[in-house]
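This report refers to the structure that appears directly beneath it.
The values are calculated or read from the model by the stated rules, or taken from the named source; none is laboratory data. It should be emphasised that the depicted structure is a prediction, and the values quoted were computed from it without experimental measurement. Backbone-built Cβ (ideal geometry, glycine too); neighbour counts: all protein chains shown.
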Amino acid sequence: MTGPIYSGMPATDLGADGWEKPWSGTNGGTCVEVKKLPDGRVAFRQSTDPHGPALVYTRPEVASFLEAAKAGGADFLIS
């Protein structure tokens, strides 16, 4: 990684190693991939477009989203 890390940067600029697919399933290979960055932030990218943009969030932002999703706060996205 060189230069500043920012949301929307090319995911390839974050390197090829360390990307994980924690939510992969029976969706035909379309997965969200995540990578924990050295400063604690988390990058997300689309597995079908690994050269596309990475969305970068802080640890508190990711924790807040996960807590709300577990409580049903994101259910409207799939209903």
Review point. For the subset of segment 39-69 comprising residues that are of a type outside the set (A, V, I, L, M, F, W, C), at pLDDT 95 or above and not in a loop (DSSP other than H, G, I, E, B), which member is nearest to the chain's Cα centre (by Cα)?
Key: Arg45
Check your understanding: For segment 25-33, does any single residue satisfy the condition of being assigned to a loop (DSSP other than H, G, I, E, B) and under 15 Å from the mean Cα position of the chain (by Cα)?
Key -> yes
Revision key, fill the gap. Going through segment 37-65 in order, the residues found to be surrounded by 12 or more Cβ atoms within 10 Å (Cβ to Cβ) and without any contact (Cβ under 8 Å) to a residue 24 or more places away in the chain are Val42, Phe44, Gln46, Thr58, Arg59, Glu61, Val62, Ala63, Ser64, Phe65
Practice item. Exactly one condition in (1) modelled with pLDDT under 95; (2) aliphatic (A, V, I, L, M); (3) surrounded by 12 or more Cβ atoms within 10 Å (Cβ to Cβ) is not met by Met9; state its number. Key: (1)
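If you take the residues in segment 12-23 that are in contact (Cβ under 8 Å) with a residue 12 or more places away in the chain and of a type outside the set (S, T, N, Q), which one is surrounded by the fewest Cβ atoms within 10 Å (Cβ to Cβ)? Break it down stepwise before answering.
Taking segment 12-23 as the starting set, the residues that turn out to be in contact (Cβ under 8 Å) with a residue 12 or more places away in the chain are 12-15, 18-22.
Filter once more, keeping what is of a type outside the set (S, T, N, Q): 13-15, 18-22.
Details: Asp13: 15, Leu14: 18, Gly15: 12, Gly18: 13, Trp19: 18, Glu20: 12, Lys21: 12, Pro22: 8.
Looking at the filtered set, the residue picked out is Pro22.
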